[in-house]
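Quick notes on the structure that follows.
The values are calculated or read from the model by the stated rules, or taken from the named source; none is laboratory data. If you're wondering where the values come from, they're calculated on a predicted model, not measured in any experiment. FYI the Cβ positions are ideal-geometry reconstructions off the backbone, even for glycines, and counts take in every protein chain you see. Ligands, DNA and RNA are stripped out before the accessible areas are found, and what is left, the full protein with its side chains, is counted by its heavy atoms. Shrake-Rupley method; radii C 1.70, N 1.55, O 1.52, S 1.80 Å.
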Amino acid sequence: MSDSFDDTDMMNDGMPPAYVANNEAYAGLARLDSLAKGGDEDAIRMFHSIACHMVERLNELHLEYTASVLEWPVLLPQDPKKREAITKQANAMRIGSTRGCGVGSGSGRPDDLAYTSQKGFAIQNLRRVDFARAILHPIPPAYKYDDGDSVPQIPAAIKAVLEDPSDFQAVTEITNFGEQLLLEIRGLSDYSPDTRDEWIRVMAAVLRRNRHLIPDKFRDNQCTEKNYTIKNRCGVEVEFTDINWRGGILVMTLRSGLEDTNVSAVPGFWGQ
C-alpha cells in the first residue's frame, strides 16, 4: 500500500458517487477545453465528439429528464430536410414541464407561464418552495450534516432562519412564517406525481400566510386575519399573522397548474 497522500481522495471522501464522477469528468474536460482553446484541432474534434455522444445518450436514454430542466440539447444534421424535421420536433417538445410552439395536429397552443396564469403561478411557487426547502434542509455534499443545535428538536438550518429571518425572506419572498411552517417545508419529500398533493398542501399553506404572493384572481373568497407578536423556541420575538381562509380557489389553481403528467418534476430553479 502506498504511503503517498492524495488530496483528491480526501476531498472526495464521503461524497456521493455521482459527485465524485462529476468532479473527475470536469477535470478531464477542462484539460481538453484548454487544449482546444489553444488551437489543438484534435482537442476541438474530441470536445465536439464528446458533446455529440452526450446529447445522443440523453435523447436515447433519459428523455424523461426534460421535465426538470429549462434547456435541452438537440443535434442538427447536415441534411436540410432532416434538420427541419428535428427542429419541428424540438419546438413541440415538453421542456421544463411546459409545451413549446404548437407543431402539427394535436399539439395545442404553447403553455402560458405568466405569473397570472394557473401554470405559471403554480410552477413559480413550486420552485419557490423547492428553493426554501433546500435552504432549510441542505443536501450533500456541500452540507453533509445538519447538527450542532443548541435548542433540542430544532434543526440547525431552521434555527438560523428563526434567529435571523432577513436573508430567507429576501431570497424566497416568503416573509410571514413560523417554526411549524418551516418544518413542513423542510419535511417535504422530493417532488413527483406521487407527492404532488403533499406539495400542494404545503404550497397553499405558504401562500395563505403570504398573501402578497397571490394574484387577486387566485385568492380565496373570504379570510379573517389577526396580527400579533410571539416568542419562538429560540426566544426571538417574531411578528405572526394568523389567517383563516375559506374556499378552495387557491388549492384548485395550484392543482390545475400542476395537473397530472404536465409537471412531473420541479422545472429549473427558483429565479430562472
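Selection of the stretch 228-266 for residues being modelled with pLDDT under 70, within 28 Å of Pro155 (Cα to Cα) and open to solvent by 90 Å² or more (accessible area, probe 1.4 Å) yields Lys231, Arg233, Glu239. Here Pro80 does not fit the description of being in contact with a strand residue (DSSP E or B) (Cβ under 6 Å, 6 or more places away or on another chain) and over 21 Å from Trp199 (Cβ atoms).
Considering the stretch 1-113, the qualifying helices (runs of 4 or more DSSP H), each wholly inside and each with 1 or more residues that are in contact with an Asp or Glu (Cβ under 7 Å, 6 or more places away or on another chain) and either at pLDDT 85 or above or over 29 Å from Tyr191 (Cα atoms) (or both), run over 41-61.
Cβ separations smaller than 9 Å between residues 6+ apart or across chains give the following pairs from the stretch 58-70 residues that are under 15 Å from Ser264 (Cβ atoms) to residues that are in a helix (DSSP H, G or I) and among the hydrophobic types (A, V, I, L, M, F, W, C): Tyr65/Leu58; Thr66/Leu58. For the stretch 164-184, the set of residues classified as surrounded by 14 or more Cβ atoms within 10 Å (Cβ to Cβ) and in a helix (DSSP H, G or I) consists of Phe168, Gln169, Val171, Thr172, Glu179, Leu181, Leu182, Leu183, Glu184, listed by residue number. Residues in the stretch 185-217 that are open to solvent by less than 10 Å² (accessible area, probe 1.4 Å) and more than 27 Å from Ser166 (Cβ to Cβ): Ile200 alone.
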